Amino acid sequence: MGKDVIIACDFSSGQETMEFLEQFGEKRPYVKIGMELFYAEGPAIVRQLKERGHKVFLDLKLHDIPNTVGRAMKVLSRMDVDMCNVHAAGTKKMMEAALKGLIREDGSRPLLIAVTQLTSTSQEQMEQDILIGRPMEEVVAAYGQRAKEAGLDGVVCSPLEAPAVHGQLGAEFLTVTPGVRLAGDAAGDQQRITTPARARELGSDYIVVGRSITAADDPAAAYDRCLQEFIG
Ligand code: C5P
């Protein structure tokens, strides 16, 4: 599985997204469409980015009853996305329904990964707000185990947890890791963060980088730096 840097296009319109991507010239980075952009533009933005030649991770983090998620995934499967996700907290049954819904008529499907604990959640917040009193690494690996049993391809977690996930669930089980900052950039609301270089050492498969690229003075240069540090 090829390692890559995925840019989180957390913008509120297609126009803003296209203007941002124009700064990358001929390059077609792997992009992530999250709730903000998808709620603003709908499936059209996916088509537009795919037509332009980008790989697309549709990050809608579904979390509902199995029937609802399965049916929603069936609709999402019509879009030519490369990766999409659910919350592992929705249970193994929900993840199984998601996977089933995602399989297209020709048998193909996008990668499906499960969010374990958001990278904005600290150990303390997990204990106090979500009432989970176990170490973060253990929680992430246990959620990953459930996702693997459901047939998913990997998890979303912090790079800090990638070694535990790969150690327990195998090198092939993907770790898609947000919570990445170029050295010197502000953490913002993220809690469990590393640099792209450290994410590489820890064995992340894909790093998801938002503000370190989107808020940089020169986004294309920041992207190149991420690629250089993460892939070499
Ligand atoms: O700007 P920043 O690099 O923090 O953006 C990270 C992106 O990854 C955001 O779009 C956020 O929604 C997403 N994400 C995350 N933590 C997760 C899953 C997704 O930060 N566990």
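The values are calculated or read from the model by the stated rules, or taken from the named source; none is laboratory data. If you're wondering where the values come from, they're calculated on a predicted model, not measured in any experiment. Don't worry about glycine lacking a Cβ; one is built from the backbone with ideal geometry, like all the others, and counts go over all protein chains shown.
Tell me, yes or no, whether region 115-124 has at least one residue that is in a helix (DSSP H, G or I), surrounded by fewer than 21 Cβ atoms within 10 Å (Cβ to Cβ) and without any contact (Cβ under 8 Å) to a residue 12 or more places away in the chain. Yes, region 115-124 has at least one match.
Per-residue answers, yes or no, for (1) within 13 Å of the ligand (Cβ to nearest atom); (2) surrounded by fewer than 16 Cβ atoms within 10 Å (Cβ to Cβ); (3) more than 23 Å from Pro159 (Cα to Cα); (4) not aliphatic (A, V, I, L, M):
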site	(1), (2), (3), (4)
Met35	yes, yes, no, no
Arg52	no, yes, yes, yes
Phe57	yes, no, no, yes
Val69	no, no, yes, no
Met73	no, no, yes, no
Met83	yes, no, no, no
Ala88	yes, no, no, no
Arg104	no, yes, yes, yes
Pro110	no, no, no, yes
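Exactly one condition in (1) modelled with pLDDT of 95 or more; (2) closer than 28 Å to Thr17 by Cβ; (3) in contact with a helix residue (DSSP H, G or I) (Cβ under 8 Å, 6 or more places away or on another chain); (4) surrounded by fewer than 20 Cβ atoms within 10 Å (Cβ to Cβ) is not met by Thr195; state its number. All conditions pass for Thr195, except number (4). Scanning region 187-210 for residues that are touching a residue at least 12 places away in the same chain (Cβ under 8 Å) and over 18 Å from Leu227 (Cα atoms) gives Gly188, Asp189, Gln190, Gln191, Arg192.
Yes/no per residue for (1) away from the ligand (no atom under 16 Å from the Cβ); (2) at pLDDT below 95; (3) within 18 Å of the chain's Cα centre (by Cα):
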site	(1), (2), (3)
Glu127	yes, no, no
Arg134	yes, no, no
Val140	no, no, yes
Val156	no, no, yes
Pro163	yes, no, yes
Gly170	yes, no, no
Val176	no, no, yes
Gly184	no, yes, no
Asp189	no, yes, yes
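Every condition in (1) crowded, with 20+ Cβ neighbours inside 10 Å; (2) at negative phi holds for Gly179 except the one numbered (2).
Conditions tested, residue by residue: (1) free of Cβ contacts under 8 Å to residues at least 24 places away in the same chain; (2) out of contact with any Leu (no Cβ under 8 Å at 6 or more places or on another chain).
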site: Ala40; (1), (2): no, yes
site: Asp59; (1), (2): no, yes
site: Thr68; (1), (2): yes, yes
site: Met73; (1), (2): no, no
site: Val86; (1), (2): no, no
site: Arg104; (1), (2): no, yes
